[in-house]
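The values are calculated or read from the model by the stated rules, or taken from the named source; none is laboratory data. Note that the structure is a prediction, hence the values are computed from the model and not measured. Note that each Cβ is placed from the backbone with ideal geometry, even for glycine, and that neighbours are counted across all protein chains shown. Areas reflect the complete protein model, heavy atoms only, side chains present, ligands, DNA and RNA absent. Shrake-Rupley method; radii C 1.70, N 1.55, O 1.52, S 1.80 Å.
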Amino acid sequence: MVVVGGITRLTHSGLSIVEWQPIMGALPPLDGAQWQQAFAKYQLTPEFRVRNPDMSLEGFKGIFWWEYSHRLLGRAIGLAFLAPFAWFLARGAIGRPLAWKLAGIFALGGLQGALGWFMVKSGLVDDPRVSSVRLAAHLGVAFLIYASMLWVALGILFPAAARASEGTVRLSAGLAALVFAMALTGALVAAIKAGYAYNTFPLMNGQWVPDELWLIDPWWMNLVHNMATVQFVHRWLAMVIALAAVTLWWRVRRDAAADLRARLWSHFLLGAVVVQISVGIATLLLRVPLPLAALHQCGALAVFTCAIALLHALRGAGPVGALEAEGRWRFS
């Protein structure tokens, strides 16, 4: 879902469907007349008038299918989550604590759909570009939904483990938070197309700190709307994450309470960070080719997965006898 959403943004397809119809919108145009009607609605948008005035119906179909696939996948995920959840709940196969967690995840999914439309609406105005903050929020909620599902699943699969030292756990939690923040800054980079500027590394057009870092007044607007600032923050946050990942890997190896699962995830995390930074640099130097940009967004989720899984392994859990209270599956 995250990768399809990224491709939808990179192909400038997100504003091709100008209505939000959660039920009726599940069906695409089925004949020539319906395609013409959908295209006519798009032709009324600022994006068509400003950016695509010469677009044909065939060209419109190309961007329509990406946005439609993104929305349809969201509906499919909701159904794939809700149907078995309701079934197991009705059979009493899920304990109350787990049921509330799953209900909360489903509610987040509904919020994500509404937030997606809220984001699209910001681009259906005079400036045909979605809000940077709304785009970052949309991606952020997607990561939160994923992290919640992963955390709950790990709690069911690995209910008990030794807890690592407090310092190691705190570093792991801080690293997971940094990876989440990194994803949000990536969304800000994408929103204003900052990846098409400063296509050198490690210097930014010959400078470690660009002169234009604080051109916009008030200063905090630079963190959202200034290409130099947004990319500068994204770059150096990656370096901080790399340093934290190496430090955490070293600490896990020396922590006697860290089990094999924690050690494996520390290896995976370090490897994922190295690959992600390498792909990010290549994406920048090659001026954001679509395959690499999509891979880079997918890589962010891979790093986040490793960070969450490592944190779960290091935090440990209560005794096995507490499984029922935590809502472990039970079948009669």
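To the nearest 10 Å², what's HIS225's accessible area with a 1.4 Å probe?
My reading of the accessible area for HIS225 is about 90 Å².
I want to check a number: in the chain, how many lysine pairs have alpha carbons closer than 30 Å, given a sequence separation of 8 or more or different chains? Walk me through the numbers before you get to the answer.
Values: LYS41/LYS61; LYS41/LYS121; LYS41/LYS193; LYS61/LYS121; LYS61/LYS193; LYS121/LYS193.
Final tally of qualifying lysine pairs is 6.
Taking the Cα-to-Cβ direction at CYS298 and at ARG49 and moving 7 Å from each Cα, how far apart do the two end points lie in nm?
Taking the two extended label points, one gets 3.9 nm.
With just the Cα atoms defining each centre, how far is the range 69-112 from the range 228-295? Give it in Å.
31 Å
For the chain, just say rounded, prolate or oblate: build the C-alpha gyration tensor, square-root its eigenvalues into a ≥ b ≥ c, call rounded for a/c under 1.5, and beyond that prolate if a/b exceeds b/c, oblate if not. Walk me through the numbers on the way to the answer.
Numbers: a/c = 2.54, a/b = 1.23, b/c = 2.07.
Note, shape of the chain comes out oblate.
Among ALA177, ALA40, ALA258, which one shows the biggest mean-square fluctuation in a GNM of the chain, springs joining Cα atoms closer than 10 Å?
Of the options given, ALA40 has the highest mean-square fluctuation.
Length gain on complete extension for the stretch ILE281 to MET1, per 0.36 nm per residue less the alpha carbon to alpha carbon distance?
Here the segment from ILE281 to MET1 would lengthen by 98.4 nm.
Quick one: if you stick a label point 7 Å off each Cα along the C-beta vector at ALA162 and ILE216, how many nm between them?
Reported label-point gap for ALA162 and ILE216 is 5.0 nm.
Show me the helices of the chain, taken as full DSSP H stretches, that run 20 Å or more along their long axis by Cα and average 0.5 or above in Kyte-Doolittle hydropathy.
On the way: long enough: 57-90 (48 Å, 0.70); 96-121 (38 Å, 0.82); 132-157 (37 Å, 1.76); 166-191 (38 Å, 1.51); 227-254 (41 Å, 0.85); 260-285 (38 Å, 1.43); 290-315 (38 Å, 1.48).
Span-like helices in the chain: 57-90, 96-121, 132-157, 166-191, 227-254, 260-285, 290-315.
If you roll a 1.4 Å probe over the heavy atoms of the protein chains, what accessible area per residue do you get for the chain, in Å²?
Numbers: 17070 Å² over 332 residues.
Accessible area per residue: 51 Å².
Cut-off 17 Å, label point 7 angstrom out along Cα-to-Cβ of LEU203: give me the residues of the range 260-297 whose amide nitrogen falls inside.
285, by backbone N distance to the label point.
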